[in-house]
Amino acid sequence: MQWRQRTYCGTLSKSDADSSVLLMGWVDAIRDHGNVLFIHMRDTSGIIQVVFDPEISKSAHELSKLLKEEFVIQVKGKVRIREKGTENPYIRTGDIEVIAQELQILARSKVLPFQISEKAMVFGEEIKSSPKNIDEELRLKYRYLDLRRPSVQELLRKRYEIIKQIRDCLHQKGFVEIETPYLTKSTPEGARDYLVPSRVHKGKFYALPQSPQLFKQICMIGGVDKYFQIARCFRDEDLRPNRQPEFTQLDLEASFIDEEFIYETIEEIIVKIFKIGEIELKRPFLRMTYEDAMNRYGTDRPDLRFGMEMIDVTDVVKNTGYSIFRSIIEKGGVVKGFCIRGEAQRLSKNLLQNEYAMKIAPSFGAKGMTWMKLLNGRLQSNIVQFFSEAEQDGLKKRFDARDGDVLIMVADQSKELVNEVLGRLRLDFAKRLDLIPEDLYVPVWITDFPLFELKDGEISPKHHPFTMPEKEEFDPKNKDELLSLKARAYDIVVNGEELGGGSIRIHKLEIQKRIFEAIGIDPETAEQKFGFFLRALEYGAPPHGGIALGIDRTVAMILKTESIRDVIAFPKNRKAVCLLTGAPTEVEKEQLEELGIRIEKGAESETSDQSPKKQQITADQVRHIARLARLEIEEEELSVLSKDLGDILSYVEQLNELNVDDIPPSTGVLEIKNVWRDDQISEDPSVMDDIIEQSPEKEDRFFKVPKVIQ
Ligand code: ASP
């Protein structure tokens, strides 16, 4: 190949006029004028128009007639300025073109499963295709074709730029990039492990890391001081949108530091990388305690782009004649709400009562929802008559309500439930009323998380068990005390999305042991699972802390893509399948034998594509569903209901996953082709002109119509 002489299509400009070039790339689009043939030629840098004119080279023109989209070609030619009026504003090189003197076809392409070209060849022509119009599963199956699109390559290039910026920034700060093992031992991050069997050690397994947590801590104990890694993590979680079984984190850790070091480092990085997406962020970022976030926004991932903060009005209505509120308050419950400014017109009584109060709020777990509108100085609703003048005034004042505002209130014995429901209602109303400014980015640090939470009635770490409690003295057997402990943990949240989280770690063996005891890990299990790490803590561990930032999510936010899959070169689909390679697949019997693994009869069908795996429903999920259905259930019923619900969901899943690959479609649209209608539409040529003029895609006297619907 003459790669030394190669010029990249997208780099040419007017100043190259008259120079000779050698181009290598793909045929993006073709326009045959009969006498002259034009193509858009594309390489990684962009697109240039190439003209095949028999007057310049007969042989190149002859050969060019064989070209089809996505053929790989090499063209030798001369750059010239386009004639006035024929410039193409859709491509960067639109004011020039290359006159071909020689053409070589380097590789042919089959007919494409979908169109790749994204650029129209002529001004005014419809822009060819966009990834959004093509089925994502098809794009992932033919990912190599999808990757050829300039828009997809641009995302990957920007992702690279972001990661490079992170590396440069941390390099300057004295961090060292260190790779930690993929074949390792389980590190708990709350998900299941992907296991890798060992052939050499039959019956034994490695775990793919859920995060490099313990290795980075060991780096600190090893005196590394400042570590980072663009790390791949693997978590076998239940499928959720915008999650991938393997994902990339910026993982970092530093010694002899406190929270402020982490805030400073991460803020600097985030400001720099958001700039790549032309998003300016101001420092210092906001900070909010977990408790504050829950009380004011009902979530530890508050979206601060808009107001509608939650306010407690329990004291205002504690003696009200509205018995629902009064009885809840008498039982120790709370009444809270928020004010939607000036939306009384758009929020009709019907919508508030029949949709929100009757359906949406209950679907979030509330027993009901109360609404009031402030119109002409008076509160109005279906129950306002039960509130005294003083109470109504009190509500107006507390919510700072003005004419045209709508008040939304929820009451329940459980403050947590009220917070959660109002938090979800807040988002729901804001989305419906389009109150969220799209171009605003509001980062906030959430701090002072609880150290523990109850999971299925058991004490379990809210973050992971290596997080330092805010006070070192605690009794691992005292459940109430444990649940009241705060963690030295922090999350970075932007626009309601958690981009990352971390903590200051436990560096004293004795505290680590008590944490294990608190979460029910007995000394033998601790030894067996984390003995290597406990050993390390015995030899002088420095105080240290760190954080991990989800790269895929952060890049998707900066580049404003709909899904994280758009910024991952080879993502898995929503069912954790790699459509390009077909993974996961069954393996050869011999391979299993070598590993000493036997798949039990029946077990393989549980995980294979034909029959989906059994759905697991936890006791907590059953309790939640019962709450939604307003059912009281006994503890003994939990396991039966878990199983029943699991069976139902598995069955539903099975319906979703019916394999229809071999079933021929009964209807479908054939590939769009230029066809000339046989029948004469009109004798009048101007009618034909009109039709051609108005058709979205046309060429000479042809316009595009679907050939046939079969
Ligand atoms: N290992 C944690 C995670 O992956 C992050 C950290 O604590 O640094 O979420």
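The values are calculated or read from the model by the stated rules, or taken from the named source; none is laboratory data. For clarity, every value in this text was computed on a predicted model and none was experimentally measured. Positions of Cβ are generated from backbone atoms using ideal geometry, with glycine treated the same way; all protein chains shown enter the neighbour counts. Just the protein is used for accessible areas: all its heavy atoms, side chains included, with ligands, DNA and RNA removed. Shrake-Rupley method; radii C 1.70, N 1.55, O 1.52, S 1.80 Å.
Out of ASP393, ASP412, ASP434, ASP456, report the one residue that is touching a Gly at 6+ places or on another chain (Cβ under 9 Å) and charged (D, E, K, R).
Testing whether each residue is touching a Gly at 6+ places or on another chain (Cβ under 9 Å) and charged (D, E, K, R) leaves just ASP412.
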SER503 meets each of (1) away from the ligand (no atom under 16 Å from the Cβ); (2) surrounded by 21 or more Cβ atoms within 10 Å (Cβ to Cβ); (3) of a type in the set (S, T, N, Q) with one exception, condition (1)
Residue by residue through segment 277-299, note down the ones that are open to solvent by less than 30 Å² (accessible area, probe 1.4 Å) and of a type in the set (A, V, I, L, M, F, W, C).
-> ILE279, LEU281, PHE285, MET288, ALA293
In a strand (DSSP E or B), among the aromatic types (Phe, Trp, Tyr) and under 29 Å from SER151 (Cβ atoms) - does that describe any residue in segment 26-49?
-> yes
Residue selected from segment 186-232 under the condition assigned to a strand (DSSP E or B) and under 24 Å from the mean Cα position of the chain (by Cα), by the criterion surrounded by the most Cβ atoms within 10 Å (Cβ to Cβ) | PHE228
Pull up segment 446-476, narrow it to residues that are away from the ligand (no atom under 14 Å from the Cβ) and of a type in the set (Phe, Trp, Tyr), then point me to the one that is nearest to TYR263 (Cα to Cα).
-> PHE452
Within segment 233-256, how many residues are open to solvent by 30 Å² or more (accessible area, probe 1.4 Å) and within 14 Å of the ligand (Cβ to nearest atom)?
-> 5
Of the criteria (1) free of Cβ contacts under 8 Å to residues at least 60 places away in the same chain; (2) within 16 Å of the ligand (Cβ to nearest atom), which one GLU259 fails | (1)
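Determine whether ASP689 is more than 30 Å from GLU420 (Cα to Cα) and modelled with pLDDT of 65 or more. Give the derivation first.
Values: more than 30 Å from GLU420 (Cα to Cα): yes; modelled with pLDDT of 65 or more: yes.
So ASP689 passes the test.
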Residue by residue through segment 548-563, note down the ones that are open to solvent by less than 20 Å² (accessible area, probe 1.4 Å) and more than 16 Å from the ligand (Cβ to nearest atom).
-> VAL555, ALA556, ILE558, SER563
Please enumerate the residues belonging to segment 96-144 that are of a type in the set (D, E, K, R), crowded, with 17+ Cβ neighbours inside 10 Å and part of a loop (DSSP other than H, G, I, E, B).
-> GLU118, LYS119, GLU125, LYS128
Of all residues in segment 382-402, which are farther than 19 Å from LYS318 by Cβ and free of Cβ contacts under 8 Å to residues at least 40 places away in the same chain?
-> ASN382
For THR265, state whether it is within 14 Å of the ligand (Cβ to nearest atom), among the hydroxyl-bearing types (Ser, Thr, Tyr) and in a helix (DSSP H, G or I).
-> yes
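Conditions (1) of a type in the set (Gly, Ala, Ser); (2) within 23 Å of LYS216 (Cβ to Cβ); (3) more than 16 Å from the ligand (Cβ to nearest atom); (4) exposed (fewer than 15 other Cβ atoms within 10 Å of the Cβ), marked per residue:
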residue	(1), (2), (3), (4)
GLU510	no, yes, yes, yes
GLY520	yes, no, yes, yes
PRO523	no, no, yes, yes
GLY546	yes, yes, no, no
